[in-house]
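Engineer: Pasting a structure below so you can have a look.
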Amino acid sequence: MSRTYYIAGNWKMHKTRAEAAELAKALVSQLKDGKHKYLVAPTFTSIETVAAIVKGSNIRLGAQNMAAEEQGAHTGEVSVLQLKDLGVQTVILGHSERRHVYKEDDALINKKVKLALQHGLEVILCVGELLSEREAGKAEAVCETQTVKGLEGVGAKDLSSIVIAYEPVWAIGTGKTATPEDADAIHAYIRKVVGKLYGEAEAQKIIIQYGGSVKADNAAQLMAKENIDGALVGGAALKADSFVPIAKFS
C-alpha cells in the first residue's frame with residue numbers, strides 16, 4: 001500500500017495542562033522511532049503546552065474543533081487564526097459528538113472544512129452512522145451524504161490536505177468495534193464515493209482512518225485491511241501505554 005498509516009489521538013475533554021504535558025513527553029519519547037504518521041489533539045487549554053513539547057518531533061499538533069468564522073462576536077468559540085497562532089497543523093471536524101450532541105449539521109461542517117483549508121490546515125473529516133441507521137441498512141447512504149456534503153466546494157488541489165475518519169457512532173466509547181471486514185467495507189465504499197467526486201487516482205491516495213474503540217489488541221487486524229489507513233483513537237489515546245502499541249502496531 002502506498003498510503004501512509006496515520007494514527008491520531010483525540011484526547012477529548014481530558015487532561016489538565018500538567019497531565020497533557022506528561023502524556024505528550026511520553027509520546028515524543030516512545031514514538032520517535034515510529035514508522036507511521038502521528039497526531040495528538042489535546043483540549044484547547046492544553047494546545048500551547050503540548051505544542052512546545054511536540055515541536056520538532058514526528059507528532060503533529062491537532063485541535064478537536066474550530067469555529068466556522070475567522071473571528072468576531074462568537075462567544076465561547078475558537079477561531080482558525082487562534083489555532084494557527086498556537087501552531088496547530090490539523091483540525092478534526094464533524095466528529096460524531098459535534099454532530100449528534102452539539103447538533104452541527106453538514107452545512108456547518110462543510111463551512112469549517114473550507115475555512116480550515118483556506119488557512120492551510122489539514123482536516124480530519126469524520127463520518128459515520130448511528131446504530132439505528134446501520135440496522136436500517138443505511139450505513140453507506142449516511143457515510144456518502146456526510147462525505148459528499150462535507151467536501152462540497154473542496155477542489156482536487158486541496159484533497160491532499162483531507163483525511164477522512166470513519167467512525168461508526170455505535171462503536172465510539174462503547175467497547176464495541178466494527179469487525180475488520182465491516183469496517184473495511186465501509187472504508188471501500190467511502191473511497192468509491194471520493195472516486196466519483198475526484199477520480200480513481202485521488203481516491204486511492206486519500207487516507208481513511210477508522211475510529212471506534214480501537215485498542216492494541218485489534219489495531220493490527222483493522223490496519224491489515226486494504227482500505228483502512230490508520231486510526232482516530234479516543235479512550236486508548238489517554239495513556240501512553242495504551243496508545244503507543246496502537247501507534248506502533250506493525
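Engineer: Using per-residue counts of other Cβ atoms within 10 Å, averaged over each peptide, order 117-129, 165-177 from highest down. Write out the running numbers ahead of the final one.
Structural biologist: Details: 117-129: 21.8, 165-177: 19.9.
The densest-packed peptide leads the list: 117-129, 165-177.
Engineer: Same structure again: Over region 1-105, what lengths in whole Å, largest first, do the semi-axes of the equivalent ellipsoid take, defined as the square roots of 5 times the eigenvalues of the alpha-carbon gyration tensor?
Structural biologist: On the way: eigenvalues 118, 55, 34 Å².
Result for region 1-105: semi-axes of 24, 17, 13 Å.
Engineer: At q = 0.18 Å⁻¹, work out log10 I(q)/I(0) for region 76-197 with the Debye formula, treating every Cα as an identical point scatterer and leaving solvent out; two decimals please.
Structural biologist: -0.97
Engineer: Something else now. Could you go through region 204-211 in sequence order and give the Karplus-derived ³J(HN,Hα) for each residue, using 6.51 cos²θ - 1.76 cosθ + 1.60 with θ = phi - 60°, rounded to whole Hz, and x for Gly and Pro?
Structural biologist: 6, 8, 5, 7, 10, 8, 10, x
Engineer: A further question on this structure: Report the Cα centroid-to-centroid distance between region 40-64 and region 90-105 in angstrom, as an integer.
Structural biologist: So the separation of the two Cα centres works out to 20 Å.
Engineer: Relative to the Cα centre, what is the charge dipole magnitude of region 157-247, using +1 at the beta carbon of each Lys and Arg, -1 at the beta carbon of each Asp and Glu, and rounding to the nearest 20 debye? If you can, show how the numbers build up before the last one.
Structural biologist: On the way: 9 positive and 11 negative charges, 30 e Å.
Roughly 140 debye for region 157-247.
Engineer: Moving on to the next point. What aspartates and glutamates sit close enough to residue 112 to cross-link, taking a C-alpha to C-alpha distance under 13 Å and skipping anything fewer than 8 places away on the same chain?
Structural biologist: The reachable aspartates and glutamates, counting only those whose Cα sits under 13 Å from residue 112, are 69, 70, 77, 104, 122, 152.
Engineer: Let me ask you something else. Could you tell me which residue out of 178, 237, 190 lies farthest along the dipole of region 178-250 toward its positive end? Charges go on the beta carbon: Lys and Arg +1, Asp and Glu -1, centred on the Cα centre.
Structural biologist: Of 178, 237, 190, it is 237.
Engineer: With charges set only on the Cβ (+1 for Lys and Arg, -1 for Asp and Glu), what does the dipole of the chain come to about its Cα centre, in debye to the nearest 20? The partial results should precede the final answer.
Structural biologist: Working: 30 positive and 30 negative charges, 113 e Å.
In debye, rounded to 20, the chain gives about 540.
Engineer: In what sequence, highest mean first, do 187-196, 86-95, 107-116, 215-224 appear when ranked by Cβ atoms within 10 angstrom?
Structural biologist: Numbers: 187-196: 18.6, 86-95: 22.5, 107-116: 20.6, 215-224: 16.9.
My ranking of the peptides, most packed first, is 86-95, 107-116, 187-196, 215-224.
Engineer: Cross-link partners among lysines for residue 32, C-alpha distance below 17 Å, same-chain residues fewer than 8 apart left out?
Structural biologist: Straight-distance partners of residue 32: 55, 239, 248.
Engineer: Taking the Cα atoms of the chain alone, what are Rg (to one decimal) and Dmax (as a whole number) in Å?
Structural biologist: Values for the chain (Cα only, Rg and Dmax): 16.8, 47 Å.
Read-outs: derived from the displayed coordinates by stated rules, not from any lab. Not measured: the values here are computed from a predicted model. Glycine also receives a Cβ, built like all others from the backbone with ideal geometry; neighbour counts cover every protein chain displayed.
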